[in-house]
1. Of all residues being exposed (fewer than 13 other Cβ atoms within 10 Å of the Cβ) and among the acidic types (Asp, Glu) in the range 108-125, which is farthest from Gln58 (Cα to Cα)? Just the residue, please.
2. Given the criterion without any contact (Cβ under 8 Å) to a residue 40 or more places away in the chain, of a type in the set (Asp, Glu) and either in contact with a Cys (Cβ under 6 Å, 6 or more places away or on another chain) or within 30 Å of Thr26 (Cα to Cα) (or both), identify the matching residue among Glu109, Glu126.
3. Do you know which residues across the range 140-152 are surrounded by 15 or more Cβ atoms within 10 Å (Cβ to Cβ) and either of a type in the set (A, V, I, L, M, F, W, C) or without any contact (Cβ under 8 Å) to a residue 40 or more places away in the chain (or both)?
4. Going by what's in this entry, would Asp16 be described as of a type in the set (Asp, Glu), at negative phi and under 16 Å from the mean Cα position of the chain (by Cα)?
5. Kindly provide the set of residues from the range 49-71 that are modelled with pLDDT of 95 or more and loosely packed, with under 14 Cβ neighbours inside 10 Å, ordered by number.
6. Mind listing just one residue for me: the one in the range 168-198 that is part of a loop (DSSP other than H, G, I, E, B) and not charged (D, E, K, R) and, of those, farthest from Asp83 (Cα to Cα)?
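The values are calculated or read from the model by the stated rules, or taken from the named source; none is laboratory data. Everything quoted here is computed from the prediction, not taken from an experiment. Cβ placement follows ideal geometry from the backbone for every residue including glycine, while neighbour counts extend to all protein chains displayed.
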Amino acid sequence: MKTNETKLKMIRVAADLFHKQGVRATSPDDVIEASETGKGQFYHYFKSKEGLVHQVLQNHMEAIKNGSTPINYEIQSWQDLKDWFHAHLELQRNFNMTRGCPFGTIGNEVTENDELIRQDLSLIFETVKNKLVRFFVHQKAKGNLIESANDEQMADFCLATVQGAMLMGKIQRSSQPVEQTIQEALAHLHSYTRSKPKHPTLRT
């Protein structure tokens with residue numbers, strides 16, 4: 001196996017293990033065994049477990065940027081936003097509701113000593129937030145949102161809603177709380193849209 005392929009395989013295996021059982025419960029030996037690689041290769045590529053977590057998050061970040069994730073982060077329409085919410089639910093359904101958000105799962109374990117990892121996660125969430133903000137800014141510029149709509153707050157609301165909904169879905173092992181939360185979230189977001197008249201205004 002080529003060098004880059006070996007490293008990428010270890011990153012992908014580690015990402016899956018972190019998503020499944022968390023960072024703390026995953027040892028370098030677990031990654032080495034599951035990826036069928038060697039200890040020498042592990043420490044050559046990553047130096048430490050923290051280095052591996054960093055690389056996993058960098059890989060996630062790159063996937064978001066180049067659009068190779070199962071979730072479409074390029075929000076151009078309200079349908080795209082709805083699909084974005086539901087894609088998180090589909091991700092959970094693929095694992096029978098036993099897993100939450102891969103970023104949130106790692107984030108839940110971050111301590112005050114994990115500054116590099118915190119920064120990696122912060123950058124991921126900031127990148128996703130900016131994509132959401134861009135959509136709401138465009139909607140407001142087109143006159144589709146009321147004046148009091150705050151694009152930053154709406155984007156934060158979307159992220160916080162998804163994180164909380166996925167956590168509840170994982171805890172309850174049920175898609176119902178996620179579905180209901182998404183429905184309520186979309187209704188709340190649509191409350192910021194301008195009501196359009198059903199009939200054109202007649203000029204006198």
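1. Glu112
2. One residue alone meets the criteria, Glu126.
3. In the first step, residues of the range 140-152 are kept if they are surrounded by 15 or more Cβ atoms within 10 Å (Cβ to Cβ); the result is 140, 144-145, 149, 151.
Of everything in the range 140-152, those that are surrounded by 15 or more Cβ atoms within 10 Å (Cβ to Cβ) and either of a type in the set (A, V, I, L, M, F, W, C) or without any contact (Cβ under 8 Å) to a residue 40 or more places away in the chain (or both) turn out to be Lys140, Leu145, Ala149, Asp151.
4. Taking the combined requirement at face value, the residue satisfies it.
5. Once the filter is applied, which keeps residues that are modelled with pLDDT of 95 or more and loosely packed, with under 14 Cβ neighbours inside 10 Å, the range 49-71 yields only Glu62.
6. Taking the candidates together, the pick is Pro197.
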